[in-house]
Amino acid sequence: MRLSCNKALPDCKSTTWNYNRFRDSAAVELIGLGIKKKDTESHERLSLGSDCSLNINNITKQDYGFYICRQYVNDKQQGTDAHVYLHVLHVSSSSSSSQTEISAGRSVTLFCQLYSLACDDWIRSERIELFWVNQAGVKLTRSDSRYQILLSSDHCTITLNTTLLNEDHNREWRCEVTRRDQVKSSVTYTVKSSAANKLNSAVSKTQVTNKVFYLLKSFAAFAAPTVILLQIVCARRAGRKDSQHQRK
């Protein structure tokens, strides 16, 4: 995953990347004046690109949050901040990692969660919704007796419970993210059956790239099991007050 910086200098020796996962917590410096900090949890997965972008390898749900890129010369900021909101859509099942086979007749629960800074606020303000759909793209509802669907009170997690059938071989259930009624990304859970008619669960890999509107300048998906990423980039001028930032 590449997070863009508003590069204003010919090199990246004066580039700083800060990260904040919680609204009221102190920022963590990931890159300081072009040098990667070694005392951060993610330092082994980070690198600084030639264009001063922040590259994050093997993205996990722990990487969601707010990233800021700034550049300095003699302690004076150059150019404008690059503000990046990174959101992670994560799908998992009730099956333990050691359990590789799920037989027909067994109940399984799928969890789809949006990891985001102030997720509930973001969902309300941008009309973001989570849905489970079948492989034909039909939205699953509570009226279907086969599925039990539960949306959390903050609307950041949606669960799907069902009892597997023999005919569920290659069956797909997909968690979709929509914004203002438009699908922006999805992650699919696929059931595979063995020769003995037992069911093996697996999560398919997906990759999506779309364009999003005004302050959501780009939308990207990362092909990795159980994880879809929403990268939301918004550049603001240096020196704006936090209160202005919160209204955006």
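Condition (residue is assigned to a loop (DSSP other than H, G, I, E, B), surrounded by 15 or more Cβ atoms within 10 Å (Cβ to Cβ) and touching a residue at least 40 places away in the same chain (Cβ under 8 Å)) applied to the range 23-40: is it met by at least one residue?
Among the residues of the range 23-40, not one is assigned to a loop (DSSP other than H, G, I, E, B), surrounded by 15 or more Cβ atoms within 10 Å (Cβ to Cβ) and touching a residue at least 40 places away in the same chain (Cβ under 8 Å), which makes the answer no.
Against the definition (over 30 Å from Asn6 (Cβ atoms) and either crowded, with 18+ Cβ neighbours inside 10 Å or among the polar types (S, T, N, Q) (or both)), how does Asn170 come out, yes or no?
Spelling it out, Asn170 is indeed over 30 Å from Asn6 (Cβ atoms) and either crowded, with 18+ Cβ neighbours inside 10 Å or among the polar types (S, T, N, Q) (or both).
Among the listed residues Ser116, Ser125, which satisfies the condition of being at pLDDT below 90, outside the structural domain of Thr15 (by TED's automatic domain parsing), within 30 Å of Glu29 (Cβ to Cβ) and in contact with a His (Cβ under 8 Å, 6 or more places away or on another chain)?
When all the criteria are applied, what remains is Ser116.
Restricting the search to the range 107-128, which residues are surrounded by 15 or more Cβ atoms within 10 Å (Cβ to Cβ) and out of contact with any Lys or Arg (no Cβ under 7 Å at 6 or more places or on another chain)?
Val108, Leu110, Phe111, Cys112, Gln113, Leu114, Ser116, Cys119, Trp122, Ile123
Which condition from (1) more than 22 Å from Leu114 (Cβ to Cβ); (2) under 18 Å from the mean Cα position of the chain (by Cα); (3) among the hydroxyl-bearing types (Ser, Thr, Tyr) is the one that Ser47 breaks?
It fails just one condition, (2).
Looking only at the range 41-59, which residues are touching a helix residue (DSSP H, G or I) at 6+ places or on another chain (Cβ under 9 Å) and surrounded by 15 or more Cβ atoms within 10 Å (Cβ to Cβ)?
Of everything in the range 41-59, those that are touching a helix residue (DSSP H, G or I) at 6+ places or on another chain (Cβ under 9 Å) and surrounded by 15 or more Cβ atoms within 10 Å (Cβ to Cβ) turn out to be Ser42, Arg45, Ile56, Ile59.
(1) among the basic types (Lys, Arg); (2) under 25 Å from Trp122 (Cβ atoms); (3) without any contact (Cβ under 8 Å) to a residue 12 or more places away in the chain: which one isn't true of Lys61, the others all being true?
Result: Lys61 fails condition (3) only.
The values are calculated or read from the model by the stated rules, or taken from the named source; none is laboratory data. Just so it is clear, the model here is predicted, and its values are computed rather than measured. As a convention, Cβ positions derive from the backbone with ideal geometry for all residues, glycine included, and neighbour counts pool all protein chains shown.
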